[in-house]
Amino acid sequence: MSAAFDADVTQRFLVCVGPRCDAEGGGRALHATLADALARRFPEALASCRLSLQTRDCLRVCTREQIVRLEPSGEVFSNPCVEELLRAVASECGDDPAC
């Protein structure tokens with residue numbers, strides 16, 4: 001993929017908040033932290049819906065840790081740090097906040 005997102009492609013983070021991933025609030029805490037980091041680093045992409053962050057009740061890849069899936073690639077991150085997730089977006093769109 002090029003340094004900018006294709007017009008028809010939306011990069012979407014799905015954060016699992018199912019009973020195992022969010023047993024102690026970890027999934028929702030990760031969602032809140034990631035939302036803040038994405039808003040600072042990619043504000044225009046979020047505003048234009050080229051990048052989104054959502055929760056799902058269960059992603060069916062249980063590890064008892066926080067799980068995030070990046071779509072459309074399908075890449076799954078288990079117990080990721082926020083910087084790792086930001087690097088995944090940056091690898092697709094560079095440092096362009098508009099992606």
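None of the figures in this text is laboratory data; all of them are computed from the coordinates on show. Source: prediction; values computed, not measured. Neighbour counts are summed over all protein chains in view; Cβ atoms, including those assigned to glycine, are modelled from backbone coordinates with ideal geometry.
Evaluating 6.51 cos²θ - 1.76 cosθ + 1.60 at θ = phi - 60° for every residue in segment 58-74, the Karplus couplings come out as 7, 9, 6, 10, 4, 9, 6, 10, 5, 10, 10, 10, 9, 10, x, 5, x Hz, glycine and proline recorded as x.
For Arg56, the residues 5 or more places off, or on other chains, whose built amide H falls under 5 Å of its own are Val15, Cys16, Val17. In this Cβ point-charge picture (+1 for Lys and Arg, -1 for Asp and Glu), segment 19-91 has a dipole of about 100 debye about its Cα centre. A simple spin-label model places the labels of Ser78 and Arg41 2.2 nm from each other, with each point 7 Å out along Cα-to-Cβ.
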